[in-house]
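The values are calculated or read from the model by the stated rules, or taken from the named source; none is laboratory data. Please read all numbers here as calculations on a predicted model, not as lab measurements. Because the Cβ atoms are built from the backbone with ideal geometry, glycine has one as well, and the counts that use them run over all protein chains shown.
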Amino acid sequence: MGEWHNILVAVDAMASSLRAVSYVGRIAGDLEAVSICLLNVYPEPPPDFYVKGGVKDEYQAQRIARAEELFKRCIEILVEAGIKREAIYCTTHMAEGKTISDTVLEVRRQGDFGTVVTGKRGVSKAEEFLFGSISNALARHCHDFTTWIVG
């Protein structure tokens, strides 16, 4: 099990993500040995993307650019809370052939994160079936790590 202060924060453009980042800042703001990874996972292009002439590299570049803007805001929140800038790093992944939830869990395992944080999104049962609920997946699979789900 990873150390609890090795924290993975899954973020997207939803307000609940910024609340989750703020919560992490309040909890970890005064800690010396904290390490925070901001993770943005985005879906594969829609099925008709390539038929309409879409290019995967361009899609990824666009999604990464959006994530970088989000990361800037998240970093501001964390630094204002007292977390050292050098303790924060960011990564972006496309959920290729799997759900966003599965991708978050894979990144958690690979990085040996002891704590995973996400904002709670109010998804419908249909959306949860199609896309997966990150908070539900984390709650189901948190056998060897801690999960913070922030509303």
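Conditions tested, residue by residue: (1) free of Cβ contacts under 8 Å to residues at least 24 places away in the same chain; (2) over 18 Å from residue 6 (Cβ atoms); (3) surrounded by fewer than 18 Cβ atoms within 10 Å (Cβ to Cβ); (4) within 14 Å of the chain's Cα centre (by Cα).
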{"site": "70", "(1), (2), (3), (4)": "no, yes, no, yes"}
{"site": "76", "(1), (2), (3), (4)": "yes, yes, yes, no"}
{"site": "98", "(1), (2), (3), (4)": "yes, yes, yes, no"}
{"site": "104", "(1), (2), (3), (4)": "no, no, no, yes"}
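Of all residues in the stretch 84-100, exactly one satisfies the criterion of being of a type in the set (A, V, I, L, M), outside any helix (DSSP H, G or I) and within 22 Å of residue 26 (Cα to Cα), namely 88. Please determine whether any residue of the stretch 65-75 is in a helix (DSSP H, G or I), of a type in the set (A, V, I, L, M, F, W, C) and modelled with pLDDT under 95. No, there is no match, as no residue in the stretch 65-75 is in a helix (DSSP H, G or I), of a type in the set (A, V, I, L, M, F, W, C) and modelled with pLDDT under 95. Taking the numbered list (1) of a type outside the set (A, V, I, L, M); (2) without any contact (Cβ under 8 Å) to a residue 60 or more places away in the chain; (3) under 18 Å from residue 64 (Cβ atoms) in turn, residue 43 passes all entries but (2). Within the stretch 50-63, is even one residue modelled with pLDDT of 95 or more, touching a strand residue (DSSP E or B) at 6+ places or on another chain (Cβ under 9 Å) and closer than 27 Å to residue 19 by Cβ? The answer is yes, given that some residue of the stretch 50-63 is modelled with pLDDT of 95 or more, touching a strand residue (DSSP E or B) at 6+ places or on another chain (Cβ under 9 Å) and closer than 27 Å to residue 19 by Cβ. Restricting the stretch 1-32 to residues that are in a helix (DSSP H, G or I) and not small (Gly, Ala, Ser), the residue that is nearest to residue 70 (Cα to Cα) is 18. The residues of the stretch 89-125 that are at pLDDT below 95, within 18 Å of residue 71 (Cα to Cα) and of a type outside the set (Val, Ile, Thr) amount to a single one, 119. Quick one: is residue 52 without any contact (Cβ under 8 Å) to a residue 12 or more places away in the chain, more than 18 Å from the chain's Cα centre (by Cα) and assigned to a loop (DSSP other than H, G, I, E, B)? Judged against the criteria, residue 52 is a match.
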